[in-house]
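The values are calculated or read from the model by the stated rules, or taken from the named source; none is laboratory data. The model shown is predicted, which means the values in this text are computed figures rather than measured ones. Here the Cβ positions follow ideal geometry from the backbone for every residue, glycine too, while neighbour counts run over all protein chains shown. Ligands, DNA and RNA are excluded from the accessible area calculation, which covers all protein heavy atoms including side chains. Shrake-Rupley method; radii C 1.70, N 1.55, O 1.52, S 1.80 Å.
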Amino acid sequence: MQEKLNQNLIDAIERIEKARIAVDRHRIVRLVAVSKYSTQEEIAALYACGQRAFGENKVQDLKTKSEILESLPLEWHFIGSLQSNKINALLSLNPFMLQSLHSLELAEQLQKRLQKENKTLRTLLQVNSAKEESKSGFMPEIAQEMYCRILETCPNIKLCGLMSIGAHTDEKRIVQKSFEQTYRIFESLQNKGAKTLSMGMSGDFELAIACGSNCVRLGSVLFK
């Protein structure tokens, strides 16, 4: 298993680097290993290969895996749709980052709990650039305005940038368009401190990097 995962990680990094160098030799692209379908043994094995950042999309799974693997200095990202009744449970786990802030209501509830506990949380604003009903996130037309509003009204939420999921289609042009739209919003927010643009999963991460992503979330290509 270790050997297979190591080769998967090497292959993924090579593909990331090739895509990055083609557009920007100075950009650093972060890799978050999406471990939602993986066991703690696989996570520990990938850690031994050098991977540090892992993403989970269910609070209970993050709790279980982070507790079992607490002896490893893992950087946990929450990447799923966070329900308000799970906020306390998530905050008790002290994740490195919440990548999926998808509504103003969630931001306000998070702010209340964070302020009460005297905590801060690194967060990305989720943009639904593809405008798909199956996806969470702010519509692109209001994303910039909402980002600035949350910055002003929710001081314990440390907004670091944007997250988006590419359009769910095999048509590359449509996926590219959704990534490009998110990048334009990200560009407009760089003077507000936006530094992370999380776009790209196993099926489209090279295209996402070409469109400006500096953080990719890969699952199946690593754990296959």
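A few notes on this one:
- Of residues in region 148-163 being part of a helix (DSSP H, G or I), within 18 Å of Gln190 (Cβ to Cβ) and in contact with a helix residue (DSSP H, G or I) (Cβ under 9 Å, 6 or more places away or on another chain), the one most open to solvent (accessible area, probe 1.4 Å): Arg149
- Residue count for region 103-122, restricted to those that are open to solvent by 40 Å² or more (accessible area, probe 1.4 Å) and in contact with a strand residue (DSSP E or B) (Cβ under 7 Å, 6 or more places away or on another chain): 2
- Counting only helices (runs of 4 or more DSSP H) wholly contained in region 37-110, the ones carrying 2 or more residues that are out of contact with any Cys (no Cβ under 9 Å at 6 or more places or on another chain), closer than 24 Å to Lys195 by Cα and hydrophobic (A, V, I, L, M, F, W, C) occupy 87-92.
- Test: residue in region 123-137 that is closer than 26 Å to Arg30 by Cα, part of a helix (DSSP H, G or I) and out of contact with any Gly (no Cβ under 8 Å at 6 or more places or on another chain): no
- Leu101 being under 21 Å from Thr182 (Cβ atoms), hydrophobic (A, V, I, L, M, F, W, C) and in contact (Cβ under 8 Å) with a residue 24 or more places away in the chain: yes
- Total residues in region 59-94, condition out of contact with any Pro (no Cβ under 7 Å at 6 or more places or on another chain), open to solvent by less than 50 Å² (accessible area, probe 1.4 Å), more than 22 Å from Ala48 (Cβ to Cβ) and not small (Gly, Ala, Ser): 7
- Filtered residues of region 11-40 (kept if open to solvent by 70 Å² or more (accessible area, probe 1.4 Å), at pLDDT 95 or above, under 22 Å from Leu74 (Cα atoms) and of a type outside the set (D, E, K, R)): Ile13, Ile28
- Being touching a residue at least 24 places away in the same chain (Cβ under 8 Å), in contact with a Lys or Arg (Cβ under 7 Å, 6 or more places away or on another chain), over 19 Å from Glu108 (Cβ atoms) and not charged (D, E, K, R) is a condition met by at least one residue of region 163-178.
- Of the residues making up region 169-210, just one is touching a Leu at 6+ places or on another chain (Cβ under 9 Å), open to solvent by 10 Å² or more (accessible area, probe 1.4 Å), assigned to a loop (DSSP other than H, G, I, E, B) and closer than 25 Å to Leu151 by Cα, namely Gly193.
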